[in-house]
Amino acid sequence: MIIKSQANPKFKLIKKLRNKKYRDKEGLFVIESRKLIEEAIKSNADIDFLFLREGISFEGNIPYLVFDENLFAKLSELKSPDGYAAVIRKKEACDLKSDRILLLDHISDPGNMGTIIRSAEAFGFSDIILTKGCVDIYNEKCLRASMGSVFRENIVELSLEEIRKLKKNYRFLSSHMEGIDVRKYDSSNDSIILAIGNEANGLSEDIRKLTDDFIKISMQGKIESLNAAIAASIMMNTLGY
């Protein structure tokens, strides 16, 4: 059956899930594109259901709905959707156990957030802490930029007090232009938390106060700073295993 009415309950649900408030309330989020759905399946993500554009087929055991072209276009946030999309259930965060943890402090750009999550998986930072005020990781742009890593990384939002309690087991490193060259920093014997600050304003004062060592990426030319995602990737590659 092809759904053609905006009164359909699933249509209404999907539209609501474009709003963070409803994603939080329902514990669900939307992904788009066959590639991202394939990543979700490979990562054992909890797929609630697929929804497809009229004329698109899917083979598998996952339940799916079909919307006519007009309704699917109203549900999609892509300029050129391929007709594949899904509603995914958020996974529960696990305890922080790794020796290399990434802390993102008020990262606001969804593209940066997704890219950083993708790099974190690549460089062995399997646990990611978000401070309150970070962009939603289930934002469509973030999900696409993460290329599936959001399904596999352990990502948890913690309060300042919860972050502070980690001091007893971890050494806090923070990205700062006046820090130690990250290439010369020896963290081989330490369990570390690497903090990356907001794109425009850098680290919050609270995270600065928790920092044990500030580290930087040495640069040539007249460059004063790097994009947050690039800086985070370089530092994780240098400090990771």
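Apply the Karplus curve 6.51 cos²θ - 1.76 cosθ + 1.60, θ = phi - 60°, to the phi angles in the stretch 200-215 and return the couplings in whole Hz, x for Gly and Pro.
Those phi angles translate into 9, 10, x, 6, 6, 4, 4, 6, 4, 5, 7, 6, 8, 9, 9, 10 Hz.
Using a 10 angstrom Cβ neighbour count of at most 10 plus a DSSP loop assignment to flag exposed trypsin sites (Lys or Arg not before Pro), which longest range of the chain is free of such sites?
Values: sites that count: Lys79, Lys97, Lys132, Lys222.
Looking at the chain, 133-221 is the longest stretch - no exposed trypsin sites (Lys or Arg not before Pro) with at most 10 other Cβ atoms within 10 Å.
Would you mind getting the accessible area per residue of the stretch 98-195, heavy atoms of the protein chains only, 1.4 Å probe, in Å²?
With the other protein chains kept in place, the stretch 98-195 gives 42 Å² per residue.
Could you work out how far helix 110-122 tilts from the main Cα principal axis of the chain, as a 0 to 90 degree angle to the nearest 10?
The helix 110-122 is inclined about 70 degrees to the chain.
More than 28 angstrom separation, counting every C-alpha pair in the chain; what % is that? Each step should come with its number before you reach the end.
Values: 10771 of 28920 pairs.
So the pairs more than 28 Å apart make up 37 percent of the total in the chain.
At Arg89 and Met177, where each label point lies 7 Å from the Cα along Cα→Cβ, what is the point-to-point distance in nanometres?
In this crude spin-label approximation the distance works out to 4.8 nm.
Note down the accessible area of Ser225, probe 1.4 Å, to the nearest 10 Å².
80 Å²
Can you tell me the dipole magnitude for the chain around its Cα centre, using point charges on the Cβ only (Lys, Arg +1; Asp, Glu -1), in Debye to the nearest 20?
Numbers: 37 positive and 36 negative charges, 108 e Å.
Magnitude of the dipole: close to 520 debye.
What shape does the stretch 45-91 take by its C-alpha gyration tensor, where a ≥ b ≥ c are the square roots of the eigenvalues and a/c under 1.5 counts as rounded, a/b above b/c as prolate, and the rest as oblate? List each step's numbers first, then the result.
Values: a/c = 2.25, a/b = 1.40, b/c = 1.60.
Oblate shape, in that a/c is at least 1.5 and b/c is the bigger or equal ratio.
For the stretch 100-240, what is the number of Lys pairs with C-alpha distance below 26 angstrom, counting only pairs 8 or more positions apart or on separate chains?
For the stretch 100-240, the number of qualifying lysine pairs is 17.
What is the percent carbon and sulfur in the accessible area of the chain, measuring with a 1.4 Å probe over the protein chains and ignoring ligands?
On the way: 5800 of 12660 Å².
Within the chain, the accessible surface is 46 percent carbon and sulfur.
From the backbone phi of the stretch 8-20, what are the Karplus-calculated ³J(HN,Hα) couplings (6.51 cos²θ - 1.76 cosθ + 1.60, θ = phi - 60°) in whole Hz, Gly and Pro given as x?
Running phi through 6.51 cos²θ - 1.76 cosθ + 1.60 with θ = phi - 60° gives 4, x, 5, 4, 4, 4, 4, 4, 5, 5, 6, 9, 4 Hz.
The values are calculated or read from the model by the stated rules, or taken from the named source; none is laboratory data. Small disclaimer: the values here were computed from a predicted structure and weren't measured. Positions of Cβ are backbone-derived with ideal geometry, glycine not excepted, and every protein chain shown enters the neighbour counts. To get the accessible areas, we keep the full protein, side chains included, count just its heavy atoms, and leave off ligands, DNA and RNA. Shrake-Rupley method; radii C 1.70, N 1.55, O 1.52, S 1.80 Å.
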